[in-house]
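Worksheet: the structure to be examined is printed underneath.
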């Protein structure tokens, strides 16, 4: 064996036809580790990503603002729907079947110290003379209009401008029912607007019989007396079913101002108006102008 064969540093001779093997040795860095090349930094891409991030942020903020606006608008629509549709319709629906235990005017009179007398009765227990007299006195076209009598309003305005007697109003029985049951008595444009709305509502939801029944059970007849039953007993000592044509006419005659005029001790004006209403009530019966309320007045 030659000395070269015992040398450990000696590299083996390559075989015939094979390339010599030379291991690659990486150049060490300062810490003795091989240097690994890093990918080149692209500053333009960084700027583009920053712009994209800002754009996405702006889009998210705009989306949040739109949702907030739509949320406020939706809340506003919900409040309007509840206040002007859901509550009034539910309220009117309840009063279609149930008489209100009290009205705002009753509460006001009670606060003024009056003793409230109120006893609602069904229409079947009210004299037909009362229905005819009230239609003759308050609303001659009650069965033909849809809640508003434009001609009556115009006549009332012209009469008031001329100063022909006491001030006249053009409100229909339907309008007075809406005011008495749902609203307050003081005059204002807000109350008048709500009165118009509730009038249209009850005309749509209620039959004419129920409107007249509710009106007669809520109307004021002075001295804390509300409703036709309490008025008949307080003024004439009879029930509403037993009122005569003249008694019914006197009660209808004082409706515009029941705290000023008296049905049981009438003055000259109430006596004249009562006689007129007795005659008009006969016309109402003969011409069937109360037929939407009284079955016996229907022709044929």
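The values are calculated or read from the model by the stated rules, or taken from the named source; none is laboratory data. The shown structure was predicted, so the numbers you read here are calculated from the model rather than taken from an experiment. Glycine gets a Cβ as well: all are built from the backbone with ideal geometry, and neighbour counts include every protein chain shown.
This table checks each residue for (1) assigned to a loop (DSSP other than H, G, I, E, B); (2) more than 28 Å from residue 296 (Cα to Cα); (3) out of contact with any strand residue (DSSP E or B) (no Cβ under 7 Å at 6 or more places or on another chain).
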{"residue": "161", "(1), (2), (3)": "no, yes, yes"}
{"residue": "177", "(1), (2), (3)": "no, no, yes"}
{"residue": "184", "(1), (2), (3)": "yes, yes, yes"}
{"residue": "190", "(1), (2), (3)": "no, yes, yes"}
{"residue": "200", "(1), (2), (3)": "no, no, yes"}
{"residue": "209", "(1), (2), (3)": "no, no, yes"}
{"residue": "241", "(1), (2), (3)": "no, no, yes"}
{"residue": "257", "(1), (2), (3)": "yes, yes, yes"}
{"residue": "262", "(1), (2), (3)": "yes, yes, yes"}
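Identify the residue in the range 146-159 that is surrounded by 13 or more Cβ atoms within 10 Å (Cβ to Cβ) and outside any helix (DSSP H, G or I) and, among all such residues, is modelled with the lowest pLDDT.
149
Take the conditions farther than 25 Å from residue 119 by Cα, without any contact (Cβ under 8 Å) to a residue 40 or more places away in the chain and part of a helix (DSSP H, G or I) and apply them to residue 231. Does it pass?
Answer is no for this residue.
What do you reckon, is residue 227 under 22 Å from residue 147 (Cα atoms) and in contact with a strand residue (DSSP E or B) (Cβ under 8 Å, 6 or more places away or on another chain)?
Yes: the conditions hold for residue 227.
Go through (1) modelled with pLDDT of 95 or more; (2) surrounded by 19 or more Cβ atoms within 10 Å (Cβ to Cβ); (3) out of contact with any helix residue (DSSP H, G or I) (no Cβ under 6 Å at 6 or more places or on another chain) for residue 143 and report which single condition fails.
Only one criterion in (1) modelled with pLDDT of 95 or more; (2) surrounded by 19 or more Cβ atoms within 10 Å (Cβ to Cβ); (3) out of contact with any helix residue (DSSP H, G or I) (no Cβ under 6 Å at 6 or more places or on another chain) is unmet by residue 143, namely (2).
Among the residues in the range 228-247, are any in contact with a helix residue (DSSP H, G or I) (Cβ under 6 Å, 6 or more places away or on another chain) and over 20 Å from residue 123 (Cα atoms)?
Among the residues of the range 228-247, not one is in contact with a helix residue (DSSP H, G or I) (Cβ under 6 Å, 6 or more places away or on another chain) and over 20 Å from residue 123 (Cα atoms), which makes the answer no.
Being touching a residue at least 24 places away in the same chain (Cβ under 8 Å), more than 22 Å from residue 203 (Cα to Cα) and not in a helix (DSSP H, G or I), is that true of even one residue in the range 264-284?
Yes, that holds for at least one residue.
Taking residue 136 and the conditions (1) over 30 Å from residue 299 (Cβ atoms); (2) modelled with pLDDT of 95 or more, which numbered condition does it fall short on, given that it satisfies the others?
Of the numbered conditions (1) over 30 Å from residue 299 (Cβ atoms); (2) modelled with pLDDT of 95 or more, the odd one out for residue 136 is (1).
What residue, of 268, 185, is exposed (fewer than 14 other Cβ atoms within 10 Å of the Cβ), modelled with pLDDT of 95 or more and farther than 25 Å from residue 122 by Cβ?
268
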